[in-house]
Amino acid sequence: MVDSRAPVQRLAIVLQNTSTGGWRYVCRLVAGLKTARKSLQVTVFLGRSVRKVCKSESPQHLLESLGAEVREMPPLVSSRHRQPLRRLAARSKEILTSLSYRRWIAQINSYDCVLFAWPYGIDCPILDCPAFFVPHDLNYLHFTGSFVGDPTERQNSWQQHERWLANAFPIVSTQFIADELVQAFPRCPRIPRVIHLSNLGQNDALEERRQKEILHSMGINGDYILSLNNASPHKNLGQLLSAFHYISRERPSMSLVLAGSGTEEIRGNVNHPFYLDYHQSGAVQSLGLRSDLEVQVLTANAKVVVNSSLYEAGNGSGLDAWSLGTPVAMSAIPAFLEQKQVLGVEAQTFNPRCCYEIRDAIMTILDAPEESAAAALRSRVGMQNYGWRHVADKYLACFDGSLVRQPVSYEEAA
């Protein structure tokens, strides 16, 4: 039994795969942890697909600049799930991978505890040290007009979540997700700990000239509405485009900028409320995946940051906009409304299934610039009261509690 006065000093974070928001979250968390406990040694194990997720920015370099050690991790292959392979070369490769995996498990066990920041597509390793994981959402359990993944993927996700809940402590970013976990897995032996997040981007001040240069390099000129979402169905970009059709009638000089993985081909003109007419140029500009710095500049200079998602664990783009003092329009979905209340921020909300409500929420901001700016300033102050130092303190409380004993619930750990 480890003395409760001995806090965690060596932490491993595993990020074998991720979304853009996932690795930005890890970078901010590492920065917060290093600020909250300067003696903490953080090692981040990155999968090969994460080591460089966009052309102009490397998560590895960012993490190293924050004081974390970065190591490459082997493929997470569990020997009990290996399939018999006929070819000798394939069999040999599997054996080597399994040996590498076992050495890595032994390495992980040398840390005080481990956090799996993106536990999708992998099984929970059986470890000697306390393990935590972040089940960001349960998207695969919901149908929003299209499923996330095929039936086999959804079944695998369900089974993997069961194993994670049986062997590791869940940390979630909203009470909404905690309630979903308990409802979906009623026999869950561990109660999820809710730790709300702060902004996902950097807030380093940039001079106006530099910001204009960055915007110009991305082809952004004039006023724009910003949507920071990937092209998945639950992001509800179709309804947003319909809303923008009506907005562009009243604001013909306004453009809609989309940034996020898979948005590269979404560009053109919304000549109709039902679809986008594809053109190489038009009022709708798509930028695809962008760096942390570019996202910061886009967010800071937008007239409105809009998030029209149907289902999320939280409003990541809203967190960035609130922290930078940019007005926010967002779906009136449970996780978003929870953040609004908990963080003391403001936003225009709408029914995401109604393009007219999306239009009206955005136009309310555009038509009252002084009132919107004042609300955005109040939100910025609210976010300053809850930074990553506050988030990190709560994570460290979880980690430290796990060294005393392995509680069934976080109420016991407190």
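The values are calculated or read from the model by the stated rules, or taken from the named source; none is laboratory data. Just so you know, these numbers come straight off a predicted model, no measurement behind them. Backbone-built Cβ (ideal geometry, glycine too); neighbour counts: all protein chains shown.
Some points to look at:
- Of all the listed residues (SER309, SER255, SER291, SER317), the sole one being of a type in the set (Ser, Thr, Tyr) and at pLDDT below 95 is SER291.
- In summary, helices (runs of 4 or more DSSP H) completely within the stretch 351-414 and bearing 2 or more residues that are out of contact with any helix residue (DSSP H, G or I) (no Cβ under 7 Å at 6 or more places or on another chain) and modelled with pLDDT of 95 or more occur at 355-367, 369-384, 388-404.
- Considering residues of the stretch 24-48 that are surrounded by 21 or more Cβ atoms within 10 Å (Cβ to Cβ) and charged (D, E, K, R) only, the residue modelled with the highest pLDDT: ARG28
- Restricting the stretch 135-171 to residues that are out of contact with any Leu (no Cβ under 7 Å at 6 or more places or on another chain) and of a type in the set (Val, Ile, Thr), the residue that is nearest to PRO233 (Cα to Cα): VAL148
- Selection over the stretch 339-376 of residues that are among the acidic types (Asp, Glu) and surrounded by 22 or more Cβ atoms within 10 Å (Cβ to Cβ) gives a count of 0.
- Failed item, numbered, when PHE244 is tested on (1) buried (at least 18 other Cβ atoms within 10 Å of the Cβ); (2) of a type in the set (Phe, Trp, Tyr); (3) part of a loop (DSSP other than H, G, I, E, B): (3)
- Residues in the stretch 320-335 that are buried (at least 24 other Cβ atoms within 10 Å of the Cβ), of a type outside the set (S, T, N, Q) and not in a loop (DSSP other than H, G, I, E, B): ASP320, ALA321, TRP322, VAL328, ALA329, MET330.
- Options SER217, SER286, SER291, SER232; residue that is surrounded by fewer than 16 Cβ atoms within 10 Å (Cβ to Cβ) and of a type in the set (Ser, Thr, Tyr): SER217
- Residues located in the stretch 194-249, provided they are of a type in the set (Gly, Ala, Ser) and farther than 18 Å from TRP322 by Cβ: SER217, GLY219, GLY222, ALA231, SER232, GLY238, SER242, ALA243, SER248
- Figure legend. Inter-residue proximity from the stretch 260-288: first residues touching a residue at least 40 places away in the same chain (Cβ under 8 Å), second residues among the aliphatic types (A, V, I, L, M), beta-carbon distance below 6 Å, spacing 6+ or different chains. Indicated pairs: GLY260/LEU228; SER261/LEU289; VAL284/LEU256; GLN285/VAL257; LEU287/MET218; LEU287/ALA259.
- You will find that of GLY145, GLY121, the residue that is under 20 Å from the mean Cα position of the chain (by Cα) and either in contact (Cβ under 8 Å) with a residue 12 or more places away in the chain or assigned to a loop (DSSP other than H, G, I, E, B) (or both) is GLY121 and no other.
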